[in-house]
Amino acid sequence: MRWNPFAGAYLADPAQVWRRLLDSPGGVHHDEDLGLWLITRHADVRRALGDTESFGNALTLAPVYDVCPEALAVIMRIDAPPTTAAADPPVHPRTRRALRATFANTADRVEQRYGAIVRRRVGELVSRLVARAGQQVDLVREFTTELPLLVLLDLLGVPGRDIARVRAWADGQIALVWGRPDPAEQVRLAQGLLEFWRYCQALVRDRLDSDRPDSGRPGGGYVDQLLAYRDGDDEVLTVAEVSSIVFNLLVAGHETTAGLLAHALDQALSEPDRWRTIGAEPHRIPAFLAETLRFAPAIDGWLRVTNRPVTLEGVTIPAGARCLLLIGAANRDPTLFAHPDRFDPARPDANDHLSFGHGPHFCIGAALARLEAGIALTRLAAAVPGLRLAPGHCRAYHPNVAFRAHRSLPVLIDTAVPSDGRAALAVERPAA
């Protein structure tokens, strides 16, 4: 099976490729050009995500192409220990305990700890959009990527002046690992990734220094919580592992939420009735987001490596093989979802999606992502009830095998109530 995730139809409508893969015999295919085994069926993807004995994470953050020697030399200087996505037992259970103990990961805890921050940031960004009434705005650049990054910077205590650098570094890591840059770009992105790692190390060192009585710097941010959990014990977490957790959160913690919000707005604005319903009946937003996660996941592919031979759908994948779990395809599996290519917020089984993963690596920030997206949709629909896609807009995504990110989402800012007279109603706290 051959496909090209970096060009052509896949960058405009990956679902047509998923459909072809799902319709072909078997749910496991080998791509010779990429050297990847493609796993497409829901049951198989779910098994691969949960079976840590058969499917490992050691190569999850390794590029999917042969890196040029100059870029590889830079990458080898990044001595970040595996802690989250690329970690396996016994490291991962230990670092996962640290995340569960320090990062709010249930709806109630997220609301209590982060709700005020999210509302403040949403309010700022929505007010900025309202001030541009009558203009065309790119929601990707000015809303969907801004919100989760600002929230995360608040949580981690990262200075606001660094937002542009952090965004560029995070985008660079995604392009370097899951894209296919040319050699010169590989070197540039690798150098940026090294700078990013050094930045995270410095951020943690700064918080360590703030513990000194003479520092004069207040604590209380998430980095301080990790350091307090560590309590000076390297068997709990090393300082390098704290830096690595921050390193990973600054990428995964905002890119995935940005993708969810962009996909949700894209689907909501593609049909005017959907946007009006969101404004008039915000209690429907959680179901709308669940269907968005199924229909258009922010991460539609994820990498694993086989620790031993694995047989799926009658096909044996050898040990040491890199596998791409096509979450986007699994979420459209017709053996599980009726009319899988239909966007239906009333679908009763939408939450059977795999967009937050499954098993030991289930997304620790899932509840925060839902909270951010729910508040953002509620507030934006109330403030800009006439919001609509700019004429002639065509979907286009960044070339990537994992993160499904919109290049742009141009809209016209119209604060007028829709012509049918239905007013947008705001609620203070949508269900998360």
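State whether one or more residues within segment 255-270 are touching a Gly at 6+ places or on another chain (Cβ under 9 Å) and surrounded by fewer than 24 Cβ atoms within 10 Å (Cβ to Cβ).
In the first step, residues of segment 255-270 are kept if they are touching a Gly at 6+ places or on another chain (Cβ under 9 Å); the result is 256-257.
Checking which are surrounded by fewer than 24 Cβ atoms within 10 Å (Cβ to Cβ) leaves us with 256.
Yes, the conditions are met somewhere in segment 255-270.
Give the residue that is nearest to the chain's Cα centre (by Cα), with candidates limited to residues of segment 121-141 that are among the charged types (D, E, K, R) and more than 14 Å from Ala262 (Cβ to Cβ).
The selected residue is Arg121.
For (1) in a loop (DSSP other than H, G, I, E, B); (2) hydroxyl-bearing (Ser, Thr, Tyr); (3) more than 24 Å from Ser54 (Cβ to Cβ), each residue gets a yes or a no:
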{"residue": "Phe337", "(1), (2), (3)": "yes, no, yes"}
{"residue": "Ser355", "(1), (2), (3)": "yes, yes, no"}
{"residue": "Cys363", "(1), (2), (3)": "yes, no, no"}
{"residue": "Arg370", "(1), (2), (3)": "no, no, yes"}
{"residue": "Leu377", "(1), (2), (3)": "no, no, yes"}
{"residue": "Leu380", "(1), (2), (3)": "no, no, yes"}
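Give Ala262, Ala240, Ala164 a once-over and let me know the one that is at negative phi and in contact with a strand residue (DSSP E or B) (Cβ under 6 Å, 6 or more places away or on another chain). Steps first, please.
Values: Ala240 fails: in contact with a strand residue (DSSP E or B) (Cβ under 6 Å, 6 or more places away or on another chain); Ala164 fails: in contact with a strand residue (DSSP E or B) (Cβ under 6 Å, 6 or more places away or on another chain).
Exactly one residue qualifies, and that residue is Ala262.
Among the residues in segment 139-159, are any surrounded by fewer than 21 Cβ atoms within 10 Å (Cβ to Cβ) and more than 25 Å from Asp206 (Cβ to Cβ)?
Yes, some residue in segment 139-159 is surrounded by fewer than 21 Cβ atoms within 10 Å (Cβ to Cβ) and more than 25 Å from Asp206 (Cβ to Cβ).
In segment 86-115, which residues are in a loop (DSSP other than H, G, I, E, B) and in contact (Cβ under 8 Å) with a residue 24 or more places away in the chain?
Ala86, Ala87, Asp88, Pro89, Phe103, Ala104, Asn105, Thr106
Quick check on my filter: what residues within segment 45-71 are farther than 22 Å from Ser355 by Cβ, assigned to a helix (DSSP H, G or I) and either open to solvent by less than 30 Å² (accessible area, probe 1.4 Å) or at pLDDT below 95 (or both)?
Scanning segment 45-71 gives a single hit, Ala71.
Those residues that are of a type in the set (Phe, Trp, Tyr) and surrounded by fewer than 21 Cβ atoms within 10 Å (Cβ to Cβ), I need them from segment 396-419; list them, please.
Answer for segment 396-419, where residues must be of a type in the set (Phe, Trp, Tyr) and surrounded by fewer than 21 Cβ atoms within 10 Å (Cβ to Cβ): just Tyr397.
Does segment 172-192 hold any residues that are open to solvent by 20 Å² or more (accessible area, probe 1.4 Å) and either among the aromatic types (Phe, Trp, Tyr) or touching a residue at least 60 places away in the same chain (Cβ under 8 Å) (or both), and which are they?
Ala175, Arg180, Pro183, Val187, Gln191
Yes or no: Leu22 of a type in the set (A, V, I, L, M, F, W, C), assigned to a helix (DSSP H, G or I) and at pLDDT below 95? Don't jump to the end; show me each part of the working.
Details: of a type in the set (A, V, I, L, M, F, W, C): yes; assigned to a helix (DSSP H, G or I): yes; at pLDDT below 95: yes.
Spelling it out, Leu22 is indeed of a type in the set (A, V, I, L, M, F, W, C), assigned to a helix (DSSP H, G or I) and at pLDDT below 95.
Condition first: farther than 22 Å from Pro148 by Cβ and not small (Gly, Ala, Ser). Can you find one or more residues in segment 241-255 that meet it?
Taking every residue of segment 241-255 in turn, at least one turns out to be farther than 22 Å from Pro148 by Cβ and not small (Gly, Ala, Ser).
The values are calculated or read from the model by the stated rules, or taken from the named source; none is laboratory data. Note that the structure is predicted; figures quoted are calculated from it, not measured. Neighbour counts run over all protein chains shown; Cβ positions are idealised from the backbone, glycine included. Heavy atoms of the whole protein, side chains included, go into the accessibility calculation; ligands, DNA and RNA do not. Shrake-Rupley method; radii C 1.70, N 1.55, O 1.52, S 1.80 Å.
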